[in-house]
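**Q** The structure that follows is given in the form of structure tokens.
The values are calculated or read from the model by the stated rules, or taken from the named source; none is laboratory data. Here the structure is a predicted model, which is why all the values come from computation and not from measurement. Here the Cβ positions follow ideal geometry from the backbone for every residue, glycine too, while neighbour counts run over all protein chains shown.
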Amino acid sequence: MTTVESATKILDTMLGHLGFTAKIEVQHTHDGPCLQIHSGESESIIGHEGDRLDDLQYLVNRIIRRHQPDAERIKVDCEHFRSIQEDRMTDEIKGIAERVKATGKPFQMRPLNAYYRRLVHNILVGDPKIASHSPQGDDRLKRITISVKPDS
């Protein structure tokens, strides 16, 4: 069984135990495989600002990695919620970067989980004038600081 097949089975089992009826579609994106959940109960699956969706994704990846330590990362989405959030966040991050360049003042973001922190760093990596920094530690939610690179 492939990693994606295992992840789909794990997610389907978890949703079933939680009392949800859902169809899971496998999509291949530029970030790797995505399990897209289609359900009439999407608001309950997504949770407040995607917190339940984050938890489902975290658990699916933890279970997969326990059995396959080098498994690729699986993204879990519901009714394209993450895709919409990522598009909004991309626009927000680019706007923040422009403000930081214009003012020279660093900006500290709201607390983000690892998935969204990685997204922020990836959005900014191509900008030679902007640096992004996450604090060290084991906290699940961390604040990224966006600043002008010292040599700019």
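**Q** Among the residues of region 65-75, is there at least one that is modelled with pLDDT of 90 or more, assigned to a strand (DSSP E or B), closer than 25 Å to Val4 by Cα and not small (Gly, Ala, Ser)?
**A** Yes, that holds for at least one residue.
**Q** Does Ile96 fit the bill of being under 26 Å from His30 (Cβ atoms), touching a His at 6+ places or on another chain (Cβ under 9 Å) and touching a residue at least 40 places away in the same chain (Cβ under 8 Å)? Before the answer, list the steps.
**A** On the way: under 26 Å from His30 (Cβ atoms): yes; touching a His at 6+ places or on another chain (Cβ under 9 Å): no; touching a residue at least 40 places away in the same chain (Cβ under 8 Å): yes.
No, not satisfied.
**Q** Starting from residues that are at pLDDT below 95 and β-branched (Val, Ile, Thr), keep the ones in region 5-42 and report whichever is nearest to Pro69 (Cα to Cα).
**A** Among those residues, the one meeting the criterion is Thr29.
**Q** Still on this structure: Hey, could you check region 7-44 for residues that are in contact with a helix residue (DSSP H, G or I) (Cβ under 6 Å, 6 or more places away or on another chain) and part of a helix (DSSP H, G or I) and say which is surrounded by the most Cβ atoms within 10 Å (Cβ to Cβ)?
**A** So the residue we want is Ala7.
**Q** Right, next: Could you pull out the residue among Arg117, Arg82 that is surrounded by 14 or more Cβ atoms within 10 Å (Cβ to Cβ), closer than 24 Å to Phe20 by Cβ and within 12 Å of the chain's Cα centre (by Cα)? Full working, then the answer.
**A** Working: Arg117 fails: closer than 24 Å to Phe20 by Cβ.
Residue meeting the stated conditions: Arg82.
**Q** Kindly indicate which of Asp55, Asp51, Asp91 is at pLDDT below 90 and surrounded by fewer than 19 Cβ atoms within 10 Å (Cβ to Cβ).
**A** That would be Asp51, the only listed residue that is at pLDDT below 90 and surrounded by fewer than 19 Cβ atoms within 10 Å (Cβ to Cβ).
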